[in-house]
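J.: Just dropping this structure here.
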Amino acid sequence: MSFKGLYNVNKTRMIALLCLEVLTSALSIGVSYINTYQITALKERKLQQFFILISLSLSLLVLNYIGLNICQYWIEAQIQQYNHQIRIKLVSHYFNDGKNHNSASIQNRLTNDLNLINESKLLVYTDIPYYLTQIIFASIGLLFFNWSLLVIVLTVGILNFYLPKLLHSSLQKAALKLSQANKNYLNTAEKWLTGLSELQKFSAGSQLFKVMNHASNKLEDANIARTKTIQSLIILNKGLASLLQLFLLGVTAFLVTQNIVLFGVIVTVESFSLYINTAIKMLTTELGQIHSVDKLNTEIQNATSSITQFINLKSPVSLSTNNLSIKFSGGKIIKFPDLDIKAGEKILLTGDSGSGKTTLFKIILGKIKPNTGTISFRNKNGQKIDQNEAKIGYIPQDPILFPDSIKNNITMFDASLNNKVATYINKFSFKNDIQKMPLKLETKLDVQNLNISGGQRQKIILSRACIHNDTFLLIDEGTSAIDQKATLEILQELIRTPITIIFIAHNFNQDMNKLFDREIHLSSEQ
């Protein structure tokens, strides 16, 4: 995210915004400059001149107030449109790169990281012209009064600029820690709140509160640490400015008593000094904030600088494995038997609890990497397909659905498949369920508070897999929520297809088992 990108969102508005910021800044300095003559006129009892200058100051203040509010509106509009473009590119990047991404990390990048960059970078870009203009016009005003006043004020400003550079690295570390803490908090929330119903069922709220409280404390500490670092920078600037301000007032008083400058300068010089030092302080602080998010900004720029080319997935029909094994963090090791799954085979995968059936599926899908071994996919012509390019259908124990119609959840938003939906809901014993729903196939799914049964969810996913002509399908307890009669009908339908299927199940009866070409049994014994 850069100034150029922000500028290109709406060039006309950005140019108008920068011009208006310069104008409002100049108006602020102009009002202070006029105050010099107001105070002098009052001292010399020139009341008519005093009231004329007061009226002029009030008019300029009204214009300045209006201009500042317009600037704030334009700034927000420019930044939010830029954020919209960045979010679209980020979503496109995550979709097209073909990698498995943690949803909490994506949410953190789309919300917290962008907000950090907005506050620490984009808003600063629009502040810089305003504060630079204040420095320039206030310096000119001081020079008109007396060159020595300008020298003193600029000396204060230079010291304010260079001393806080010592805290730049601390600011950057604090911003990165805040981003990581927020990511960890979202990740913890995702892992624990997904199983909220189970925690409620077993009255395990104390553990939930303990875990969420720990993650929240980490996030709170990171926010406080970043704020503390920023405040330290501000305190350093203010302390230095206060000391030198006394010296400035002393010099000004001397110049007034010697009739070198007007009496009103005793008030105005403090205003000009405040403008210059505040502007330098803000620029120093905000430039430090820009650097604090450099790493985050680089990561986002790398993800959005070019559109990632979508991987052209290829359909395998067979696979073989060799020496596959995986080691878990607790030290447990699972070694899998070598597999040779031929095209069109229907394999029933069974095994003891903890034998690694679902883990094997995740390895085949590339969601987790094995410690040893290889997997080979081949297409119908016997040509090898890279695992990252293999298009494999997967029906997990907890199917993924979207807050849209049943029809779109089956077709996955491919309108060309709409006319085939009826065929597949018949094949998977779903027609009667659909007929009982008020909106039939247009019924919208509520993914938070599911308005369909577990069996209906599985029928949607089965229909989705087959309507898209998957040639290789992994099914993990894909009919566990469907009654025995419907399960048998669904299995008979799947067996008739040319799809290569590996089906995990543990509660099939003898008739169901006989439908499969063979059974592969995994053992939990090491």
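Yes/no matrix, rows are residues, columns are (1) modelled with pLDDT of 80 or more; (2) among the small types (Gly, Ala, Ser); (3) within 11 Å of residue 409 (Cα to Cα):
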{"position": "431", "(1), (2), (3)": "yes, no, no"}
{"position": "435", "(1), (2), (3)": "yes, no, no"}
{"position": "441", "(1), (2), (3)": "yes, no, yes"}
{"position": "444", "(1), (2), (3)": "yes, no, yes"}
{"position": "449", "(1), (2), (3)": "no, no, no"}
{"position": "470", "(1), (2), (3)": "no, no, no"}
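J.: Under 8 Å between Cβ atoms, which residue pairs at least 6 apart in sequence (or on different chains) link something in region 362-386 that is touching a residue at least 24 places away in the same chain (Cβ under 8 Å) and under 23 Å from residue 475 (Cα atoms) with a partner that is part of a strand (DSSP E or B) and among the aromatic types (Phe, Trp, Tyr)?
T.: Here the result reads 365/394; 377/472; 385/377, each pair linking region 362-386 to a residue that is part of a strand (DSSP E or B) and among the aromatic types (Phe, Trp, Tyr).
J.: Please tell me if residue 482 is of a type in the set (A, V, I, L, M, F, W, C), more than 26 Å from residue 340 (Cα to Cα) and out of contact with any Pro (no Cβ under 6 Å at 6 or more places or on another chain).
T.: Numbers: of a type in the set (A, V, I, L, M, F, W, C): yes; more than 26 Å from residue 340 (Cα to Cα): yes; out of contact with any Pro (no Cβ under 6 Å at 6 or more places or on another chain): yes.
So residue 482 passes the test.
J.: Same structure again: May I ask you to list pairs of residues, at least six apart or on different chains, whose Cβ atoms are under 9 Å apart, with the first in region 213-233 being under 14 Å from residue 183 (Cβ atoms) and the second being part of a helix (DSSP H, G or I) and among the small types (Gly, Ala, Ser)?
T.: Listed pairs, sorted by first residue: 215/181; 215/189; 218/181; 219/181; 222/174; 222/179; 222/181; 223/181.
J.: Tell me the residue from 224, 235 that is aliphatic (A, V, I, L, M), at pLDDT 70 or above and loosely packed, with under 12 Cβ neighbours inside 10 Å, please.
T.: Values: 224 fails: loosely packed, with under 12 Cβ neighbours inside 10 Å.
On inspection, the qualifying residue turns out to be 235.
J.: So, of the residues in region 7-36 that are buried (at least 18 other Cβ atoms within 10 Å of the Cβ), modelled with pLDDT of 80 or more and of a type in the set (S, T, N, Q), which turns out to be farthest from the chain's Cα centre (by Cα)?
T.: That would be 28.
J.: Let me ask you something else. Which number in (1) in contact with a helix residue (DSSP H, G or I) (Cβ under 7 Å, 6 or more places away or on another chain); (2) on the phi > 0 side of the Ramachandran plot marks the one condition that residue 463 misses?
T.: All conditions pass for residue 463, except number (2).
J.: Looking only at residues that are surrounded by fewer than 18 Cβ atoms within 10 Å (Cβ to Cβ) and of a type in the set (A, V, I, L, M, F, W, C) in region 37-49, which one is nearest to residue 275 (Cα to Cα)?
T.: So the residue we want is 42.
J.: Tell me which residues, restricted to region 484-496, are surrounded by fewer than 18 Cβ atoms within 10 Å (Cβ to Cβ) and touching a helix residue (DSSP H, G or I) at 6+ places or on another chain (Cβ under 7 Å).
T.: Residue satisfying the conditions is 493 alone.
J.: Yes or no: residue 82 among the aromatic types (Phe, Trp, Tyr) and within 24 Å of residue 107 (Cβ to Cβ)? If you could, list the steps in order and put the result at the bottom.
T.: On the way: among the aromatic types (Phe, Trp, Tyr): yes; within 24 Å of residue 107 (Cβ to Cβ): yes.
In short, yes.
J.: So which residues in region 397-406 are outside any helix (DSSP H, G or I), surrounded by 14 or more Cβ atoms within 10 Å (Cβ to Cβ) and modelled with pLDDT of 80 or more, if there are any at all?
T.: 404, 405
J.: I would also like to ask the following. If you take the residues in region 7-35 that are of a type outside the set (D, E, K, R) and without any contact (Cβ under 8 Å) to a residue 24 or more places away in the chain, which one is farthest from residue 81 (Cα to Cα)?
T.: Among those that are of a type outside the set (D, E, K, R) and without any contact (Cβ under 8 Å) to a residue 24 or more places away in the chain, it is 19.
J.: Could you tell me which of the residues 90, 110 is touching a Ser or Thr at 6+ places or on another chain (Cβ under 7 Å), at pLDDT 70 or above and in a helix (DSSP H, G or I)?
T.: Checking each option against the conditions leaves just 90.
J.: Are any of the residues in region 384-391 crowded, with 20+ Cβ neighbours inside 10 Å and modelled with pLDDT of 85 or more?
T.: Looking for residues that are crowded, with 20+ Cβ neighbours inside 10 Å and modelled with pLDDT of 85 or more, one finds none in region 384-391, hence no.
J.: Taking only region 412-424 into account, find how many residues are crowded, with 19+ Cβ neighbours inside 10 Å and at pLDDT below 85.
T.: The qualifying residues number 1.
J.: On to the next question. Across region 329-367, what is the number of residues that are at pLDDT 80 or above and either hydrophobic (A, V, I, L, M, F, W, C) or more than 20 Å from residue 396 (Cα to Cα) (or both)?
T.: Residues that pass the stated criteria total 21.
The values are calculated or read from the model by the stated rules, or taken from the named source; none is laboratory data. From a predicted model like this one, the values you see are computed outputs, not experimental measurements. Please note: Cβ atoms are built from the backbone with ideal geometry, for glycine as well, and neighbour counts cover all protein chains shown.
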